[in-house]
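Any read-out appearing in this document is the output of simple, stated calculations on the displayed coordinates, not a laboratory observation. Keep in mind the model is a prediction, meaning the values are calculated, not measured. With ideal geometry, Cβ positions are generated from the backbone for all residues, glycine too; neighbour counts draw on all protein chains shown.
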Amino acid sequence: MKDPEFTLAVIGGTGLEALDEDAEPARDSADTPYGPASAIPRRLGAFPHAVFLNRHGEGHVLLPHEINYRANIWLLNELGVEAIVAVFAVGGIATSLVDGTLALPTQMVDYTWGREHTFSTRENLYHADFSEPFDTDLRGRLIDAARGAGIPLVDHGVYGATQGPRFETVAEIDRMERDGCTVVGMTAMPEAGLARELEIPYAGLCMVVNPAAGRGPAVLTVDDMRAAVAEAQPRLLRLLTEFLRTG
Ligand code: HPA
């Protein structure tokens with residue numbers, strides 16, 4: 001049953017851990033009919049209608065392919081949320097998307113495999129329309145918030161969702177570029193598809209934390225990414241705060 005108390009959820013991990021600290025849990029348990037969600041969603045202090053769900057679990061323990069995406073989306077639906085802003089750390093494929101860039105893609109290509117990716121069953125089959133994977137209205141509200149807060153936001157792009165946890169080969173990134181992808185990450189699918197199955201508007205806010213394989217001078221290291229996250233994080237938080245305040 002829906003609880004109308006919450007209208008908005010932010011799902012995130014890298015760069016948003018701070019939202020978790022000391023925040024009140026929005027319910028007692030993370031259990032769902034699909035097993036446990038990554039974490040209990042937390043109320044976003046100053047914005048009581050909003051919750052934050054830590055995608056990788058508290059302490060960042062869950063690998064991208066281990067996340068129970070169905071449980072996460074189911075739980076947010078049970079809380080009654082009417083929109084999900086999903087935040088992702090991504091690699092930049094388009095060379096214009098340098099470290100620290102914030103981007104709001106319009107499209108997606110799914111390269112993940114073996115993940116529980118649907119609520120459909122043989123008895124209850126639903127072919128969700130996914131032509132436009134990200135919600136236009138929600139994207140517009142985020143773009144307005146960025147403008148209002150004076151934060152540069154690239155308002156287009158194509159998210160390529162890879163399986164991980166390893167990074168891609170140069171040839172894989174070359175192929176993704178030919179496919180039209182401009183950023184690469186490991187967690188937008190099946191998350192976005194599941195939200196669509198439950199008809200929850202969903203937008204993906206990307207923070208570029210490294211050049212994708214072969215697009216930068218260096219071997220990819222998590223330490224370099226941490227530095228990019230630290231640089232972009234204040235802008236990301238300001239954008240989200242402006243969105244929560246006005247959106
Ligand atoms: N590839 C896949 N996922 C990522 C990357 C990347 O380069 N950077 C951050 N998440």
Q: Determine the gain in length on full extension of the stretch His127-Ala23; use 0.36 nm per residue of separation and subtract their C-alpha separation, reporting nm with one decimal.
A: 33.7 nm
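Could you give the dipole magnitude of the chain about its Cα centre, charging the beta-carbon of Lys and Arg +1 and that of Asp and Glu -1, in debye to the nearest 20?
The calculated dipole for the chain is roughly 340 debye.
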Q | Cα centre as origin, Lys/Arg/Asp/Glu Cβ charges: the stretch 8-73 dipole, Debye | A | 280 debye
Q | Selection from Ala227, Leu244, Asn54 lying farthest towards where the dipole of the chain points positive, charges on Cβ | A | Ala227
Q: May I ask for the distance between the Cα centers of the stretch 39-79 and the stretch 116-191, given as a whole number of Å?
A: 18 Å
Q: Pick out, from Pro64, Thr187, Ala94, the residue whose Cα sits farthest towards the positive end of the charge dipole of the chain, with +1 on the Cβ of Lys and Arg and -1 on the Cβ of Asp and Glu.
A: Ala94
